[in-house]
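Take a look at the structure set out below.
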Amino acid sequence: MTVTVWFWHDINDELREYEFNHALATTTKIWRWSLSFISLNFLIQSLNNINCLSFINSTECIIWLGPSANLYLNFKNLFNFFFGASFTEPIAKFFGLFALLIYLLGLIQWSIIKLPKSGRNSGFSEYGKN
């Protein structure tokens, strides 16, 4: 993904049309550089713990399981606060799979209906042309 944001033909063409200080061009450049630095950081962290690919339950890899456990605990507390019910792992799995299903339905709908009509063009290429 990081490589593709730098060689995305549509974005590069549109950035050439904007002035240097235009908000969309600046935002896109910030997005590209931020994504690059974040990806480089994750790559370095992943290479430091390469053995976790096959032994995720080992003691050295507990740090990789922390974010998902913390997310689960935060959702558990929110769910308990809003609904007064217990938020268990099966409920979390259901919500996760349901969200994945909704996302896949939206992606399929976009790829069948929207993509053939307009292609990958974002619609900003008509900037400044009235």
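The values are calculated or read from the model by the stated rules, or taken from the named source; none is laboratory data. This one's a predicted model, so the numbers in the text were calculated from it and none came from an experiment. As a convention, Cβ positions derive from the backbone with ideal geometry for all residues, glycine included, and neighbour counts pool all protein chains shown.
Quick notes on this one:
- Exactly one residue out of Ser122, Ser111 is within 29 Å of Glu14 (Cβ to Cβ) and either surrounded by fewer than 10 Cβ atoms within 10 Å (Cβ to Cβ) or modelled with pLDDT under 85 (or both), and it is Ser122.
- Inspection of segment 51-61 identifies no residue that is in a helix (DSSP H, G or I), in contact with a helix residue (DSSP H, G or I) (Cβ under 9 Å, 6 or more places away or on another chain) and closer than 30 Å to Trp8 by Cα.
- Residue that is within 27 Å of Lys93 (Cβ to Cβ) and surrounded by 13 or more Cβ atoms within 10 Å (Cβ to Cβ), where the choices are Phe55, Phe75, Phe42: Phe75
- Selection of segment 13-36 for residues being over 20 Å from the mean Cα position of the chain (by Cα) and surrounded by fewer than 12 Cβ atoms within 10 Å (Cβ to Cβ) yields Arg16, Glu19, Phe20, Asn21, Ala23.
- Qualifying positions in segment 58-72 - exposed (fewer than 12 other Cβ atoms within 10 Å of the Cβ), closer than 16 Å to Gly96 by Cβ and among the hydroxyl-bearing types (Ser, Thr, Tyr): Ser68
- Test: residue in segment 79-102 that is among the hydroxyl-bearing types (Ser, Thr, Tyr) and not in a loop (DSSP other than H, G, I, E, B): no
- Filtered by the rule that a residue be in a helix (DSSP H, G or I) and either at positive phi or among the aromatic types (Phe, Trp, Tyr) (or both), segment 9-24 gives no residues.
- Search result, residues across segment 30-88 that are in contact with an Asp or Glu (Cβ under 8 Å, 6 or more places away or on another chain) and within 30 Å of Val5 (Cα to Cα): Asn49, Asn51, Cys52
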